[in-house]
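The structure under discussion appears below in the form of structure tokens.
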Amino acid sequence: MELVLGIESSCDETAAALVTGDRKIIAQRIASQDEHHAPYGGVVPEIAARAHAERLAPMIEGVLKDAAVGLSDCDAIAATAGPGLIGGVMVGLVSAKALAMASDKPLIAINHLEGHALSPRLADPTLDFPYTLLLVSGGHCQILLVEGVGRYRRLATTIDDALGEAFDKTAKILGLGFPGGPAVERLAREGDGSAVPLPRPLAGSKEPHFSFAGLKSAVLRAFQSGNYAPQDIAASFQQAAIDCVTDRLRFALMQHGTTPTLVVAGGVASNAAIRAALEDLAESYAMRFTAPPPKLCTDNAAMIAWAGCERLGQSDPLDFVARPRWPL
Ligand code: KG4
Ligand code: ZN
């Protein structure tokens, strides 16, 4: 069976994984840098790049040991080549180039967004193309029609903040620390989602866009008013986010038609309330719903290795340049 080594280092997770062509994650390691960045309330690119440089090589050695395989057993080395924080991306990509050169195996440069976009197929063997994908992470918020490997049609994107960014900013306002998404979700469970009147930016709009900047400002005003409990702000923010996302998905489905399956991926896809709302939405359109398990939603190397499996047979040159921006 084909075997691909995957490397991820585009933000604040250093990760390596070995994945087979028949969807088995035979080894994976991941190191979060939360404690490095928490004092600053966000990811500091230079600190991230240094931490990746320190951790990545022993981590790759570790996954090969865990699986008791060598580089010679791999069919390709896949690494995130962008988009992301360029210092970190370069650490991962240069490491992959060196390993590819030393082992005479093909290098596959993976777009991090493609890693997220194909991750549901690693988790769900029955998921065929085409599918409608809501890709929600710390840096992106898009609706994509995934027609095949390398065939992505963007149906909607954000004109300001990404959804994960809105979660992180809400967490910061509420003093919940970093990273914010999971903390907001936890607090929201104790609150009333209809307690705080918050806007649903662009809901009902005939343009295929998302916007979250106004929602974040409204959260700040609600907090500063002193009239609302933090758990009610968290729950109301999360409800507003859900309403925005489902409204925009309805618009996209109306414009472009349905597909057999509705899929969500990216870090925010680990949010249980969002998953539940999307499951209901899918049902109302007679679509199947699928989402990777939370650990495959947030940044990881298994999704990069899997994207490498999907692209097996291709290879990229050793002078492939890391890309801070790289639209799908
Ligand atoms: O995909 P990801 O790990 O990294 C990027 O590619 O950006 O996504 C990280 C984002 C962060 O903004 C984080 O706060 C958000 O995903 N996130 C969540 C949850 N878990 C992570 N947002 C809402 N609810 C969650 N449970
Ligand atoms: Zn990501």
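The values are calculated or read from the model by the stated rules, or taken from the named source; none is laboratory data. Here the structure is a predicted model, which is why all the values come from computation and not from measurement. Note that we place each Cβ from the backbone using ideal geometry, even for glycine, and neighbour counts take in every protein chain shown.
Points worth noting:
- Residue match in the range 182-199 (condition: away from ligand 2 (no atom under 16 Å from the Cβ), outside any loop (DSSP other than H, G, I, E, B) and not assigned by TED's automatic domain parsing to the domain that holds ALA241): no
- When GLY84, GLY62, GLY21, GLY41 are checked against the criterion of being within 16 Å of ligand 2 (Cβ to nearest atom) and touching a residue at least 24 places away in the same chain (Cβ under 8 Å), GLY84 stands alone in meeting it.
- Taking the criterion of being surrounded by 23 or more Cβ atoms within 10 Å (Cβ to Cβ) and within 16 Å of ligand 2 (Cβ to nearest atom), the residues of the range 159-178 that qualify are ALA162, LEU163, GLY164, GLU165, ALA166, PHE167, ASP168.
- The residue that is surrounded by the most Cβ atoms within 10 Å (Cβ to Cβ), counting only those in the range 186-208 that are touching a Ser or Thr at 6+ places or on another chain (Cβ under 7 Å) and closer than 20 Å to GLY139 by Cβ, is PRO201.
- Odd one out for ARG121, checked against (1) away from ligand 1 (no atom under 16 Å from the Cβ); (2) more than 23 Å from GLU8 (Cβ to Cβ); (3) charged (D, E, K, R); (4) at pLDDT 95 or above: (2)
- Any chance ALA183 is without any contact (Cβ under 8 Å) to a residue 40 or more places away in the chain and either out of contact with any helix residue (DSSP H, G or I) (no Cβ under 9 Å at 6 or more places or on another chain) or surrounded by fewer than 23 Cβ atoms within 10 Å (Cβ to Cβ) (or both): yes
- Single match in LEU56, LEU107, LEU64, LEU135 (criterion: assigned by TED's automatic domain parsing to the domain that holds ILE173 and crowded, with 16+ Cβ neighbours inside 10 Å): LEU135
- Scope the range 34-75; condition under 20 Å from LEU99 (Cα atoms) and acidic (Asp, Glu); matching residues: GLU54, GLU61, ASP66, ASP73, ASP75
- Residues in the range 1-26 that are among the polar types (S, T, N, Q) and in a strand (DSSP E or B): THR14, THR20.
- In the condition set (1) of a type in the set (A, V, I, L, M); (2) touching a Phe, Trp or Tyr at 6+ places or on another chain (Cβ under 9 Å); (3) farther than 23 Å from LEU176 by Cα, ALA291 is compliant with all but (2).
- The lone criterion from (1) crowded, with 22+ Cβ neighbours inside 10 Å; (2) within 16 Å of ligand 1 (Cβ to nearest atom); (3) within 18 Å of ALA218 (Cβ to Cβ) left unmet by HIS140 is number (3).
- Residues satisfying the stated conditions in the range 257-300, i.e. assigned to a helix (DSSP H, G or I) and either within 11 Å of ligand 1 (Cβ to nearest atom) or closer than 25 Å to LEU85 by Cβ (or both): GLY267, VAL268, ALA269, SER270, ALA272, ALA273, ILE274, ARG275, PRO294, LYS295, LEU296, CYS297
- Residues of the range 95-122 satisfying the condition of being touching a residue at least 40 places away in the same chain (Cβ under 8 Å), over 20 Å from LEU133 (Cβ atoms) and either out of contact with any strand residue (DSSP E or B) (no Cβ under 9 Å at 6 or more places or on another chain) or not basic (Lys, Arg) (or both): SER95, ALA96, LEU99, ALA100, MET101, PRO106, LEU107, ILE108, ALA109
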